[in-house]
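The values are calculated or read from the model by the stated rules, or taken from the named source; none is laboratory data. The model shown is predicted, which means the values in this text are computed figures rather than measured ones. Methodologically, a virtual Cβ is constructed for each residue, glycine included, from the backbone with ideal geometry; neighbour enumeration extends over all protein chains shown.
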Amino acid sequence: MNYLVMGAGALGSIFGGMLAKTGYPVTFVGMDDHLRTMQSHGLTITGLWGEHTMRKVSAYYGTQDLSGTYDVVLLCVKSYLTSAVIRQTLPFIRDDSLVISIQNGLGNWEAIAREIGWNRTIGARIIFGAEIESPGRARVTVYADKVLLGSPCRALPDKRLEQVSQELNASGIPTEITGDIEAALWAKVLYNCALNPLGAILNQPYGFLLTVDEIKFVLYRVICEIFDVARAKGVHLPYASSDEYFSVLVEKQLPPTATHRSSMLQDIEKGRPTEIDALNGAISIYGKELHVPTPTNDLIGAIIKGLEAKTR
């Protein structure tokens with residue numbers, strides 16, 4: 001398949017770069033100095049999956065010079081850009097093209113499906129970390145589990161998804177297909193809502209969050225509230241209780257990512273908007289709609305909004 005990466009940031013560079021170094025046709029679209037450097041000097045990937053340098057890559061600054069159509073779109077933009085970017089992508093996809101949301105948080109699938117329908121909308125659960133070291137260089141920082149792919153409406157033939165999964169695995173990105181991508185996404189939301197904003201607020205890597213008992217309790221309360229909202233919303237989570245997931249987070253998920261600095265912290269440092277509205281903010285909105293109290297998520301969301309305003 002030929003791939004279009006919309007949003008050549010850290011994750012987009014890793015996904016597209018690993019596919020490209022394996023020989024799959026990949027086109028990148030971005031809007032920053034990193035993309036400009038890719039145009040002139042290529043792309044280098046470093047970190048946990050080795051060092052790979054592609055001297056020449058197909059990279060476009062925006063879509064104004066882009067042409068042709070693509071089998072798979074990897075949508076790697078921030079959640080607040082999803083609707084606008086998927087509309088920009090429409091001229092470059094066919095009726096059988098797949099759009100895969102390589103994104104954090106809630107609400108992205110719905111925004112994609114409004115434009116192209118649920119039968120071509122694919123969800124992904126990403127639980128490895130990446131960052132832009134410098135323009136033209138992307139680094140895999142941490143790895144906790146395989147990428148999971150799935151159709152939110154279970155309408156897509158497995159053969160199409162299987163091909164994408166095979167090509168990602170061949171490129172060096174461990175990938176599996178799941179029959180319940182919604183449960184997988186909400187499990188990632190648990191992880192992100194607990195760690196991402198607190199790492200940003202405290203300006204510390206994830207491992208620090210376990211060194212202060214009071215902060216551990218805040219993590220626990222965030223998780224409990226998400227379980228309450230998911231239960232009221234009818235979402236099946238792959239854990240029996242908030243206590244079970246908290247143990248998994250502390251004992252299994254957080255240690256491999258202890259040195260990771262959250263994407264929200266990186267956004268705040270660069271004066272960019274964060275994805276808080278698709279994470280804790282989304283939990284707060286669902287809580288209000290369902291009459292489920294979410295005071296911890298509400299407070300964390302408010303503090304992040306304050307940090308955004310301060311650094312903007």
## Note on the structure
Exactly one of Val99, Val57 is of a type in the set (Val, Ile, Thr) and more than 20 Å from the chain's Cα centre (by Cα), and that residue is Val57
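Please verify whether Tyr191 is in contact (Cβ under 8 Å) with a residue 24 or more places away in the chain and either within 21 Å of Gly123 (Cα to Cα) or among the acidic types (Asp, Glu) (or both), treating the condition exactly as stated. Even if it seems obvious, please write down each step before you answer.
Details: in contact (Cβ under 8 Å) with a residue 24 or more places away in the chain: yes; either within 21 Å of Gly123 (Cα to Cα) or among the acidic types (Asp, Glu) (or both): yes.
When the stated conditions are applied, Tyr191 passes them.
Quick check on this structure: which one of Ala138, Ala200, Ala170 is surrounded by fewer than 18 Cβ atoms within 10 Å (Cβ to Cβ) and either part of a helix (DSSP H, G or I) or modelled with pLDDT of 95 or more (or both)?
The match here is Ala170.
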### Task
Among what's in the range 71-84 and is more than 15 Å from the chain's Cα centre (by Cα) and hydrophobic (A, V, I, L, M, F, W, C), pick the residue that is farthest from Met31 (Cα to Cα).
Val72
### Summary
Asp33 passes all but one of the listed conditions (1) touching a residue at least 40 places away in the same chain (Cβ under 8 Å); (2) in contact with a strand residue (DSSP E or B) (Cβ under 6 Å, 6 or more places away or on another chain); the exception is number (2)
### Residue among Leu209, Leu161, Leu254, Leu198 that is touching a Phe, Trp or Tyr at 6+ places or on another chain (Cβ under 8 Å) and either aliphatic (A, V, I, L, M) or within 22 Å of Gly306 (Cβ to Cβ) (or both)
Leu254
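Any residue in the range 236-245 that is touching a residue at least 24 places away in the same chain (Cβ under 8 Å), closer than 17 Å to Thr294 by Cβ and either touching a strand residue (DSSP E or B) at 6+ places or on another chain (Cβ under 7 Å) or crowded, with 18+ Cβ neighbours inside 10 Å (or both)? Outline the logic, then answer.
If we filter the range 236-245 for residues that are touching a residue at least 24 places away in the same chain (Cβ under 8 Å), which is where we start, we get 236-239, 245.
Of the ones still in play, those that are also closer than 17 Å to Thr294 by Cβ are 237, 245.
The next check asks that each one be either touching a strand residue (DSSP E or B) at 6+ places or on another chain (Cβ under 7 Å) or crowded, with 18+ Cβ neighbours inside 10 Å (or both); those that pass are 237, 245.
Within the range 236-245 (the criterion being touching a residue at least 24 places away in the same chain (Cβ under 8 Å), closer than 17 Å to Thr294 by Cβ and either touching a strand residue (DSSP E or B) at 6+ places or on another chain (Cβ under 7 Å) or crowded, with 18+ Cβ neighbours inside 10 Å (or both)), the answer is yes, since at least one residue qualifies.
Which of the residues spanning the range 123-135 are within 13 Å of the chain's Cα centre (by Cα) and assigned to a strand (DSSP E or B)? Outline the logic, then answer.
So in the range 123-135, the residues within 13 Å of the chain's Cα centre (by Cα) come out as 123-131.
Within the range 123-135, Gly123, Ala124, Arg125, Phe128, Gly129, Ala130, Glu131 meet the criteria.
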### Task
Kindly indicate the residue of the range 276-312 that is assigned to a loop (DSSP other than H, G, I, E, B) and at pLDDT 95 or above and also nearest to Asp228 (Cα to Cα) among those meeting that condition.
Val292
## Note on the structure
Looking across the range 261-289 at residues that are over 22 Å from the mean Cα position of the chain (by Cα) and loosely packed, with under 14 Cβ neighbours inside 10 Å, the single one that is nearest to Ile215 (Cα to Cα) is Lys288
### Message
Is it the case, given these coordinates, that Asn192 is outside the structural domain of Gly50 (by TED's automatic domain parsing) and at positive phi?
### Response
no
### Query
In the set Val292, Val248, which member is free of Cβ contacts under 8 Å to residues at least 24 places away in the same chain and either assigned by TED's automatic domain parsing to the domain that holds Cys153 or among the β-branched types (Val, Ile, Thr) (or both)?
Val248
### Query
Can we say Glu110 is in contact (Cβ under 8 Å) with a residue 12 or more places away in the chain and among the acidic types (Asp, Glu)?
no
